[in-house]
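Visitor: Just passing along the structure, written as structure tokens.
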Amino acid sequence: MANIASVTLDVADPTAAHRFYSTAFGLDSQIRLRASEEPTTGFRGFTLSLTVSQPADVNSLVDSALDAGATSLKPVTKSLWGYGGVVRAPDGTIWKVATSAKKDTGPATRRIDQLVLLLGVADVTASKRFYVEQGLAVAKSFGRVYVEFEGGTGPLKLALYRRRALAKDAGVTPDGTGSHRLMIGGDAGPFTDLDGFAWEAAAPASLS
């Protein structure tokens, strides 16, 4: 079964971006950074999601991200599915921090349980078929709306969502042009998918 080993973000200033991710989320090897000035406007077509165990962790991570220079796209709030909020990092990447729990069971630990890459695609069914052909195994599938793949031994999980729905969930308009400014590394690559997201062969990253 194919795994995602890493994601590389194209950023204008890798040093500043590394400082942000280390300070805001405690991420280090999980996210790779590469200097790039590739033109891009509006929604880049993807979001990264941090899943945590309780609301206190959501609050802690979102607060530290805002203190480190992120912009709030959706304030932290309780909903039917749980508790979470959305921020845009200084490099432009959109991050969602969420938990399915609605009550705290202890003090915040800032531990990240799961890192999920959500790709906004034009046709979920076609993209699902494409990724299955590349060796990814489906974990959950909700018709033409949402698909989640098995995480395998990799530190990241991949999911597909309709582009407009993903943009709405992130609190932005779906319009955007230019580079995704994202490279996905894994043992399924190299290839480019139906929506222009590029994969490369990459050594594994780690959540430790």
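Visitor: Checking K96 against (1) part of a strand (DSSP E or B); (2) at pLDDT 95 or above; (3) more than 18 Å from L9 (Cα to Cα), which test does it fail?
Guide: If we test K96 against (1) part of a strand (DSSP E or B); (2) at pLDDT 95 or above; (3) more than 18 Å from L9 (Cα to Cα), just (3) comes out false.
Visitor: Here's a follow-up. Residues to consider are R164, R181; find the one that is of a type in the set (K, R) and surrounded by fewer than 19 Cβ atoms within 10 Å (Cβ to Cβ). Please lay out each step first, then the result.
Guide: On the way: R181 fails: surrounded by fewer than 19 Cβ atoms within 10 Å (Cβ to Cβ).
Going through R164, R181 in turn, just one is of a type in the set (K, R) and surrounded by fewer than 19 Cβ atoms within 10 Å (Cβ to Cβ): R164.
Visitor: For the subset of the range 7-59 comprising residues that are hydroxyl-bearing (S, T, Y) and within 17 Å of S72 (Cα to Cα), which member is surrounded by the fewest Cβ atoms within 10 Å (Cβ to Cβ)? Break it down stepwise before answering.
Guide: Start the filter on the range 7-59 by keeping residues that are hydroxyl-bearing (S, T, Y), which leaves 8, 15, 21-23, 29, 36, 40-41, 47, 49, 51, 53.
Checking the rest, the ones that are also within 17 Å of S72 (Cα to Cα) come to 21, 23, 47, 49.
Details: Y21: 23, T23: 14, T47: 25, S49: 20.
The extreme case among them is T23.
Visitor: Turning to a different aspect of this structure: Would you be able to tell me the number of residues in the range 124-175 that are among the aromatic types (F, W, Y), within 20 Å of A198 (Cβ to Cβ) and more than 17 Å from the chain's Cα centre (by Cα)?
Guide: First pass over the range 124-175, keeping only residues among the aromatic types (F, W, Y): 130-131, 142, 146, 149, 161.
Then drop every residue that is not within 20 Å of A198 (Cβ to Cβ), which leaves 130-131, 149, 161.
Remaining after also requiring more than 17 Å from the chain's Cα centre (by Cα): 130-131.
Total satisfying the criteria: 2.
Visitor: Just for strands (runs of 3 or more DSSP E) wholly inside the range 1-80: which have at least 1 residues that are β-branched (V, I, T), under 17 Å from the mean Cα position of the chain (by Cα) and within 14 Å of M183 (Cβ to Cβ)? Step through it out loud before you land on a result.
Guide: Numbers: elements: 4-11, 31-35, 40-42, 46-51, 71-78.
Fully inside the range 1-80 and qualifying: 4-11, 31-35.
Visitor: So, one more: Which is of a type outside the set (S, T, N, Q), surrounded by 15 or more Cβ atoms within 10 Å (Cβ to Cβ) and at pLDDT below 95, of G135, G171, G143, G151?
Guide: Details: G135 fails: surrounded by 15 or more Cβ atoms within 10 Å (Cβ to Cβ); G171 fails: at pLDDT below 95; G143 fails: surrounded by 15 or more Cβ atoms within 10 Å (Cβ to Cβ).
Just one listed residue meets the conditions, G151.
Visitor: A further question follows. Scan the range 155-204 for residues that are touching an Asp or Glu at 6+ places or on another chain (Cβ under 9 Å) and small (G, A, S) and jot them down.
Guide: If the condition is that a residue be touching an Asp or Glu at 6+ places or on another chain (Cβ under 9 Å) and small (G, A, S), then A159, A167, G178, S179, G185, G186, G189, A201, A202 are the ones that fit.
The values are calculated or read from the model by the stated rules, or taken from the named source; none is laboratory data. As the structure is a computational prediction, the values presented were derived from the model and not from experiment. When we count neighbours, we look across all protein chains shown, and the Cβ atoms used for this are built from the backbone with ideal geometry, even at glycine.
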